1. Under 7 Å between Cβ atoms, at least 6 apart or on separate chains: pull out the pairs that start in the stretch 3-20 with a residue that is in a helix (DSSP H, G or I) and end on any residue that is exposed (fewer than 10 other Cβ atoms within 10 Å of the Cβ) and modelled with pLDDT under 85.
2. Out of (1) in a loop (DSSP other than H, G, I, E, B); (2) closer than 30 Å to residue 26 by Cβ, the odd one out for residue 47 is which?
3. Please indicate, with yes or no, whether at least one residue in the stretch 87-109 is loosely packed, with under 10 Cβ neighbours inside 10 Å and either assigned to a helix (DSSP H, G or I) or touching a Lys or Arg at 6+ places or on another chain (Cβ under 9 Å) (or both).
4. Kindly list, by first and then second residue, each pair from a residue in the stretch 42-54 that is over 14 Å from residue 32 (Cα atoms) to a residue that is surrounded by 12 or more Cβ atoms within 10 Å (Cβ to Cβ), limited to pairs with Cβ atoms under 7 Å and residues at least 6 apart or on different chains.
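The values are calculated or read from the model by the stated rules, or taken from the named source; none is laboratory data. Please read these numbers as outputs of a predicted model, since none were measured by experiment. Cβ coordinates were reconstructed from backbone atoms using ideal geometry, including for glycine residues, and neighbour counts include every protein chain displayed.
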Amino acid sequence: MKNAMFGEAFKLIKRKYDQLLIEERKLKYQQKIVSSDNKSKCLRSTGNEMRGTQNKSNVTVSGDPKTLAQKFNDHLATGASKLLSSLKNEIFTQNIPHNEDSSTFEIVTADEVCSTLKN
């Protein structure tokens with residue numbers, strides 16, 4: 001009887017604790033984003049922080065450089081052929097309906113393109 005009573009009390013307190021923790025984290029991240037100058041970078045880093053992922057730009061590879069380079073070259077040289085050989089040989093069919101509309105193209109200068117893009 002005592003264990004059931006303590007179990008229910010623990011569940012209630014744990015739910016309240018979890019809810020307070022969620023609210024605290026929400027406020028922390030909101031303040032971080034609102035006070036940031038670069039919103040997109042802040043959102044990206046906050047998302048990574050929330051997921052627990054980190055930037056893995058400091059990757060080190062050990063081994064003989066010539067052997068590693070040769071294996072990398074072999075992988076790049078044979079990767080496409082291995083991929084093609086793994087694909088099924090199927091007849092390609094297109095399901096695009098016949099188009100009666102015509103398109104016209106005009107010669108334009110680089111200045112015209114730049115002025116259009118600036119607007």
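1. Taking only residues 6 or more apart or on different chains, not a single pair turns up.
2. Just one mismatch for residue 47, condition (1).
3. no
4. Here the result reads 54/48, each pair linking the stretch 42-54 to a residue that is surrounded by 12 or more Cβ atoms within 10 Å (Cβ to Cβ).
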